[in-house]
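Have a look at the structure below, then the notes.
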Amino acid sequence: MVHEEAMEMSAPFFKFGMFGDSFSLLLAFLIGIGFGFALERAGFGSARKLMGQFYLTDLAVFKVMFTAIITAMLGVFYLGWIGFLDVSLVYLTPTYLLPQIIGGLILGIGFVIGGYCPGTACVAVSTARIDAISFLAGVIAGIFLFGEAFPLLEKFYNATPMGQVTLPGLLHVPYGLAVFVIVLIAVAGFAGATWVEKAMSGRKGA
Amino acid sequence: MNTDANLSGIENVPAREKAETASGPKPYSNPYVAGFGLGLVLLSAFVIMGRGLGASGAFSSLIAAGVNAVAPQHAAGNRFYAEYLGGGNQSPLLDWLVFEVIGVFAGGLISGALAGRIAKSIERGPSISKKWRIIFAFIGGALMGIGAKLARGCTSGQALTGGAMLNVGSWAFMMMVFAGAYASAWFMRRQWK
């Protein structure tokens, strides 16, 4: 459908100067409340619930994460398509492939040893999980170690730079097609996840 | 208590609905409902701020501020700390992610209180001592801190935010998080099973 009049781009609001830095901090607090509320609702304040993902007894981590990703992805795509959101103004962390692969691997190992990730640990502390306090102390120690070792790590940290790059940009496919394929994969993943949960609970009952 | 129920009673919807009327902690939300809510929060951050969510970055600001307070010259000479200290004309704690993470604590508290899920406890499997669980939580947290900084973000800033923006590095990161977690799950089974 062709739009009679091109809509005035007005988002991201902050980038269009609709408010200043101080007000953005208040909004950060409010958005954080929504974030923490959603994580707690999902059950992510519980390390045992989170770990169900890796012992295949409860795949809520996958379901919640991918539902959130496709919701936000479809929203960004749609709001960009109707001309309301300037997608190019949404910050994209530059890709440094090798340190991100190794960092992801270390983080995944730390997830199963520690039971949380930084965001979920905050929610777990709010709901009085003592182990989450120890976990966050560990996060602080780990970042401090990283900071102190940074002069040694800096070369690797900046290795294999690819700039700000998206999957459709890398693969030379249209943005909408990439969105569509990821939705399909996610939906297949949800069906698969429920099948795995059923199979595992059947095994437990037998 | 409720965690045990949720680990074993997988997606047992009728049982959950019944439990709603009973006293004690309420069951968790349906994962798709919680995920949709989380997605809307993330989308609102994109639309309002032009950035996504985060968590580990707030702790980096906290550490940079701490190091700067104790040893300002040491902090200024380190490019990692310097990035979080900015120009130095305002406190590094007046940072978007710091305020967002304070909100995360508050949001978790509100949701947990409304559902009766605030209970002083240590999350662990039946065959690990409290002491070792606390030690493993610290070690895992430290690995998480190092991994998140190496990857320029954690599950929130990379996997969730970058995942929705179709960021190449974020998707590579996310695959590796799952790979690392599944690869180490067998070794850690005594902590959880």
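The values are calculated or read from the model by the stated rules, or taken from the named source; none is laboratory data. Here the structure is a predicted model, which means the values were calculated and not measured. Ideal geometry is used to build each Cβ from the backbone, glycine not excepted, and the neighbour counts take in all protein chains shown. SASA here: full protein model, heavy atoms, side chains in, ligands and nucleic acids out. Shrake-Rupley method; radii C 1.70, N 1.55, O 1.52, S 1.80 Å.
Structure notes:
- Computed over protein heavy atoms with a 1.4 Å probe, the accessible surface of chain B works out to 43 Å² per residue.
- Each stretch of four or more DSSP H residues adds -39500 (n - 2.57); spread over every residue of chain B, this sum gives -20500 deg cm²/dmol at 222 nm.
- Rg/Rg_ref, the stretch B:111-170, where Rg_ref = 2.2 N^0.38 Å and atoms are Cα: 1.54
- Virtual paramagnetic centre 7 Å along Cα→Cβ of B:Ser91, amide N under 12 Å, in the stretch B:54-73: B:62, B:65-66
- Principal semi-axes in Å for the stretch A:30-112 [√(5λ), Cα gyration tensor, largest first]: 27, 20, 12
- What a 1.4 Å probe finds exposed on chain B is 66% carbon and sulfur by accessible area, rounded to a whole percent.
- Here the stretch A:21-205 has 76 percent of its accessible surface on carbon and sulfur atoms, given a 1.4 Å probe and all protein chains in place.
- When only alpha carbons are used to place a centre, the stretch A:108-175 and the stretch B:46-64 end up 12 Å from one another.
- Residues of the stretch A:95-128 falling in the label zone of A:Leu145, defined by backbone nitrogen less than 17 Å from a point 7 Å along Cα to beta-carbon, are A:102-118.
- Dimensions of chain B based on its C-alpha atoms, expressed as ranges along the principal axes with the largest first, amount to 58, 41, 33 Å.
- Net charge of neighbours whose Cβ lies under 15 Å from the Cβ of A:Phe16, counting Lys and Arg as +1 and Asp and Glu as -1: -1
- For chain A, the membrane-span-like helix rule (DSSP H, alpha carbon extent of at least 24 Å along the helix axis, mean Kyte-Doolittle at least 1.0) picks out A:21-42, A:60-81, A:97-114, A:130-148, A:175-205; this says nothing about an actual membrane.
- Its DSSP H runs of at least 4 residues, each contributing -39,500 (n - 2.57), put the calculated 222 nm mean residue ellipticity of chain A at -22000 deg cm²/dmol, to the nearest 500.
- Taking every C-alpha pair closer than 8 Å and separated by at least 6 residues, the mean separation divided by the residue count of chain B gives a relative contact order of 22 percent.
- Computed over all pairs of different Cα atoms, the Kirkwood value for the hydrodynamic radius of the protein assembly as shown is 21.3 Å.
- The lysine pair count for chain A, using Cα distances under 21 Å and pairs eight or more places apart or on different chains, is 4.
- In the stretch B:66-171, one over the average inverse separation of all distinct C-alpha pairs is 17.3 Å, which is the Kirkwood hydrodynamic radius.
- Taking the inverse of the mean reciprocal distance over all distinct Cα pairs, the Kirkwood hydrodynamic radius of chain A comes to 20.4 Å.
- Interface size A-B, as summed buried accessible area [1.4 Å probe, Å², nearest 100]: 11000 Å²
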